[in-house]
Amino acid sequence: MEKSHANDRIFLSSPHMSKEKYEQRYVNDAFHSNWLTPQGPNVDLFETEFASTVGIQSAAALSSGTAAIHLALKAAGVQKGDIVFCPTLTFAATANPIIYENAIPVFIDSDEKTWNMCPNSLEKAFKKYPSVKAIIVVHLYGLSADMDEIMKICHKHNVVVIEDSAESLGTTYKGRLTGTIGDFGVFSFNGNKIITTSGGGMLISKHIEKIKKVKFWATQSKDPARHYQHSELGYNYRLSNVLAGIGRGQLKVLNERIQKKKYIFEFYRNELANIDDIQMMPVNEWNEPNFWLSCVTLKGKVRPIHLIEALEKENIESRPVWKPMHLQPYYQNCDYIGIGAAEGLFYNGVCLPSDTKMTNEQLNRVVNTIKKLWGVHKP
């Protein structure tokens, strides 16, 4: 591990290029060949290599995870006025594409055992809204949702399942990789994700023809004609060949990044185990997370804002857990099915720094700052 200085900024989760410089090699290939467009060898190979990594038939490299969700909804046939179920505890990028298609989001509560979509609330939502076009399931912070229960419910209602796996690349649920269980899987390569292309995303599916259609839409829906002809609405959503080169290099160190994320989580769990007011995010026996972010919930007098501010004073980045969508000003008039579990996670949750470049000294800086809030000093 590299040495760190006492006051170095500790980030929540920042880009981490490989020490072997795989990414630079592929980017240089793009420059030398002059493939500097949203097409080219890196794009094609990134799709092939990614699909092979997750064990799926087809993949489309796109400009963002948000674009991937948007085109997944289109591929699912979502149209104006259709109902789409979405977890309330998620980032806005999960819900916004529903609005892009003029559909109607209905937000579903969390299960405290998984922090993800609650099957019981989902059942209640189907009773209220039996004609649902699609459901987006999110695997937050690298924790998988309880997919067997969710898929059982969705199969009963014959609804398309889109897995938002933006935060869970490499996570398994009962031995199956998240993103490969539903009809579509969405991944993000934003700068803070477990691997990055600076900005980018991937849509995967076992439905090969659907992915072909997605690639058509993502390149402005250009018909096969000598002149520019467009019979359908298109989008400028294809990933750059330069950025795809970064992604190819990052794929080579995915397992290494997952192992470091797990090391960070276990470090926090072991060091904070004696503070009763701190509970680590749940890791169920059927779930092998990628531990993208190590998150905790607090009880007692020390509140999340106290912890966040104490860390910030030490030049350490942390954040609250996602604010539920049904509490967001833009979505406040949308329906919400639940009992307030997601709100509890938001009010009590903190995301601790989980940067894969962190040294043991930096981890100890974080832990010691936290312990001081409870009057606990490391011997």
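The values are calculated or read from the model by the stated rules, or taken from the named source; none is laboratory data. Bear in mind that the values here come from a model prediction, so they are computed numbers and not experimental data. Heads up, the Cβs are rebuilt from the backbone with ideal geometry, glycines too, and the neighbour counts pull from every protein chain shown. Heavy atoms of the whole protein, side chains included, go into the accessibility calculation; ligands, DNA and RNA do not. Shrake-Rupley method; radii C 1.70, N 1.55, O 1.52, S 1.80 Å.
With the condition kept exactly as written, say whether any residue in region 231-245 is at pLDDT below 95 and either charged (D, E, K, R) or open to solvent by 30 Å² or more (accessible area, probe 1.4 Å) (or both).
Within region 231-245, the first condition is being at pLDDT below 95, and the residues that meet it are none.
No, region 231-245 has no match at all.
Of all residues in region 86-121, how many are in contact (Cβ under 8 Å) with a residue 60 or more places away in the chain, buried (at least 20 other Cβ atoms within 10 Å of the Cβ) and either of a type in the set (D, E, K, R) or part of a strand (DSSP E or B) (or both)? I'd like the intermediate steps shown before the answer.
From region 86-121, those in contact (Cβ under 8 Å) with a residue 60 or more places away in the chain are 86-95, 104-115, 118, 121; that's our starting set.
Those left that are additionally buried (at least 20 other Cβ atoms within 10 Å of the Cβ): 86-90, 93-95, 105-111, 114-115, 118, 121.
Going one step further and asking which of them are either of a type in the set (D, E, K, R) or part of a strand (DSSP E or B) (or both), we end up with 86-87, 105-111.
Of the residues in that region, 9 qualify.
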If we keep only residues of region 277-300 that are open to solvent by 60 Å² or more (accessible area, probe 1.4 Å) and without any contact (Cβ under 8 Å) to a residue 24 or more places away in the chain, then the residue nearest to Lys174 (Cα to Cα) is Glu285
Residues being of a type outside the set (Ser, Thr, Tyr) and either on the phi > 0 side of the Ramachandran plot or not in a helix (DSSP H, G or I) (or both): count how many of those fall in region 33-72.
13
Across (1) outside any helix (DSSP H, G or I); (2) open to solvent by less than 10 Å² (accessible area, probe 1.4 Å), Val366 clears everything bar (1)
For region 191-237, what are the residues that are under 14 Å from Ala61 (Cβ atoms), of a type in the set (Val, Ile, Thr) and in a loop (DSSP other than H, G, I, E, B)?
Ile195, Thr196, Thr197
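Give region 152-165 a look and list any residue that's open to solvent by 20 Å² or more (accessible area, probe 1.4 Å) and at negative phi, or say none.
Lys152, His155, Lys156, His157, Val160
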Residue count for region 1-51, restricted to those that are touching a Phe, Trp or Tyr at 6+ places or on another chain (Cβ under 8 Å) and of a type in the set (Gly, Ala, Ser):
1
Under 6 Å between Cβ atoms, at least 6 apart or on separate chains: pull out the pairs that start in region 168-181 with a residue that is surrounded by 23 or more Cβ atoms within 10 Å (Cβ to Cβ) and end on any residue that is among the hydrophobic types (A, V, I, L, M, F, W, C) and in a loop (DSSP other than H, G, I, E, B).
Leu169/Ile194
Check region 183-201 and report whether any residue there is farther than 21 Å from Ser354 by Cβ, touching a helix residue (DSSP H, G or I) at 6+ places or on another chain (Cβ under 8 Å) and without any contact (Cβ under 8 Å) to a residue 40 or more places away in the chain.
no
Looking only at region 245-272, filter to residues that are in a helix (DSSP H, G or I) and of a type in the set (A, V, I, L, M); which one of those is nearest to Asn368 (Cα to Cα)?
Ile264
Is it the case, given these coordinates, that Glu312 is assigned to a loop (DSSP other than H, G, I, E, B) and free of Cβ contacts under 8 Å to residues at least 12 places away in the same chain?
no
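Consider Val350 carefully, then state whether it is closer than 28 Å to Asn120 by Cβ and either among the hydrophobic types (A, V, I, L, M, F, W, C) or open to solvent by less than 50 Å² (accessible area, probe 1.4 Å) (or both).
Numbers: closer than 28 Å to Asn120 by Cβ: yes; either among the hydrophobic types (A, V, I, L, M, F, W, C) or open to solvent by less than 50 Å² (accessible area, probe 1.4 Å) (or both): yes.
Yes; evaluated as a whole, the condition is true for this residue.
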